[in-house]
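Note sheet for the following structure.
The values are calculated or read from the model by the stated rules, or taken from the named source; none is laboratory data. Here the structure is a predicted model, which means the values were calculated and not measured. Note that each Cβ is placed from the backbone with ideal geometry, even for glycine, and that neighbours are counted across all protein chains shown.
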Amino acid sequence: MQSRSRPANFARAMRPQPNSDPRPLANPLARPLPRPGGGIAVISERESLGDGFYKLYLLRALRRAYPTEAIDWYVSEGPAPYAGVLARIAGPDLRKVVSFAGFRRPWGPAIGRLRSLPRYSLVIDNRTNNAVVMATWLLLKVDLYQAPTPGYLFCSRRPEGSRPRHRLTRLLKLLEGVTGAPVDGAGEIELEPAAAESAAKLLPPGPRYVGLAPGSSRPERCWPLERYIELARWIAAQGAKPVFILGPIEQTMLAPLRQALPQALFPGCSESETLKDVELSLALGRRMSAAVGHDTGTAHLLGAAGSPLLTLFGPSDPRAWQPMAPRSRVLWARDYGGPEIARIPLAAVTGVLQELMQQS
């Protein structure tokens, strides 16, 4: 089976990143908002760490389209990564971030919360449930409202063309409906110098490093650990260094991987503790020739770092969730007969990974 490259409509959103300026550049083609200075709100139902990374493209595109507008970010039913581990990265572009905003249930208090919000020039609602979006659309004070529901029923300025399957591309299309011009969300995350210095000590210049992110909060999305061990041995046989990116949820993997792979690297990990520093993880990702992961936050992190990335998909759909990366490839279990991620053979992974390594 052939691996899947990123869809054609990624092309505009993903410009080459390695030497790009992290500061937003204003888009002179953007159509002005009907009430300049009224501010912008972005609303999500829930957000994971992976959502936080790929929505950086939306945040950059908003800032480039409307550089003088204040942006408020609301997550209705959960924590907002931009108020937590990604606060320093996204914070300069946001006026406020609200976790657990409570825009859905119970309806009585939710109605009060929505009505109490200030009037916005633009709201981009990430949610797709027609009933939830319609209630918000009716209750908010807003000049332009954009939501990715089927048929774009609640869009003040309907985007051109069909509704994209890929979730981030869909959000960027909503913004294009407002601006009337192409939008650009690409860019490099500006890291603290200390993170880059630490990464350079952990992965010094010279060897080729290949990142491996074997974990996920959902076990059904994890390729078998014994396959990762085989893959790491294959990487070492190619003269490269296998580098495992293990966060807190992968702590139980650390000991068996160390025992099986004495030649592998585990940066940021002690004998019993895993890597917890997001900015260090990003800095490590920038030093990799290629990386392999799952449909999880770490893969989105590596993509945001600029790593050439192979993502393995089991039950989830890469057409909706493929990470954004300069060179992004996927292997989908359904191309091998079913949703179980273990169906993806080692030979398919090494074949695609070899191509990515050769292009580095």
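Within segment 106-160, if we keep just the residues that are without any contact (Cβ under 8 Å) to a residue 24 or more places away in the chain and among the basic types (Lys, Arg), the residue that is surrounded by the fewest Cβ atoms within 10 Å (Cβ to Cβ) turns out to be ARG158. Filtering segment 186-220 to residues that are assigned by TED's automatic domain parsing to the domain that holds GLU279, under 18 Å from PRO323 (Cβ atoms) and not hydrophobic (A, V, I, L, M, F, W, C) leaves GLY211, PRO214, GLY215, SER216, SER217, ARG218.
Residues in segment 48-58 that are assigned to a loop (DSSP other than H, G, I, E, B) and surrounded by fewer than 24 Cβ atoms within 10 Å (Cβ to Cβ): how many?
The first filter runs over segment 48-58 and keeps only residues assigned to a loop (DSSP other than H, G, I, E, B), leaving 48, 55.
Pick out the ones that are also surrounded by fewer than 24 Cβ atoms within 10 Å (Cβ to Cβ) and you get 48.
Within segment 48-58, residues that are assigned to a loop (DSSP other than H, G, I, E, B) and surrounded by fewer than 24 Cβ atoms within 10 Å (Cβ to Cβ) number 1.
For segment 334-360, a residue qualifies if it is of a type outside the set (Lys, Arg) and within 16 Å of PRO214 (Cα to Cα), and the qualifying residues are GLU340, ILE341, ALA342, ILE344, PRO345, LEU346, VAL349, THR350, LEU353. Among the residues of segment 281-299, is any basic (Lys, Arg) and closer than 21 Å to GLU188 by Cβ? Yes: one or more hits. Given the structure, is GLY297 within 19 Å of ALA236 (Cβ to Cβ) and surrounded by 22 or more Cβ atoms within 10 Å (Cβ to Cβ)? Against the criterion (within 19 Å of ALA236 (Cβ to Cβ) and surrounded by 22 or more Cβ atoms within 10 Å (Cβ to Cβ)), GLY297 does not qualify.
Based on this model, can you work out whether ARG170 counts as among the basic types (Lys, Arg) and buried (at least 17 other Cβ atoms within 10 Å of the Cβ)?
yes
If we scan segment 63-71, do we find a residue that is in contact (Cβ under 8 Å) with a residue 40 or more places away in the chain and over 30 Å from SER307 (Cα atoms)? It would help to see each step written out before you state the result.
Taking segment 63-71 first, the residues in contact (Cβ under 8 Å) with a residue 40 or more places away in the chain are 64-67, 69.
Applying the additional criterion that residues be over 30 Å from SER307 (Cα atoms) yields 69.
Checked against the condition, which is being in contact (Cβ under 8 Å) with a residue 40 or more places away in the chain and over 30 Å from SER307 (Cα atoms), segment 63-71 yields at least one hit.
Within segment 325-360, the residues that satisfy the criterion of being out of contact with any Lys or Arg (no Cβ under 6 Å at 6 or more places or on another chain), farther than 25 Å from ASP184 by Cβ and outside any helix (DSSP H, G or I) are LEU331, TRP332, GLY338, PRO339, GLU340, ILE344, PRO345. For segment 203-215, the criterion of being closer than 25 Å to HIS294 by Cβ, crowded, with 19+ Cβ neighbours inside 10 Å and at pLDDT below 95 is met by at least one residue.
Cβ separations smaller than 6 Å between residues 6+ apart or across chains give the following pairs from segment 306-329 residues that are more than 18 Å from ARG165 (Cα to Cα) to residues that are among the β-branched types (Val, Ile, Thr) and in a loop (DSSP other than H, G, I, E, B): LEU312/ILE344. Quick check on SER44: is it of a type outside the set (Phe, Trp, Tyr), within 19 Å of THR298 (Cα to Cα) and within 18 Å of the chain's Cα centre (by Cα)? It is false that SER44 is of a type outside the set (Phe, Trp, Tyr), within 19 Å of THR298 (Cα to Cα) and within 18 Å of the chain's Cα centre (by Cα).
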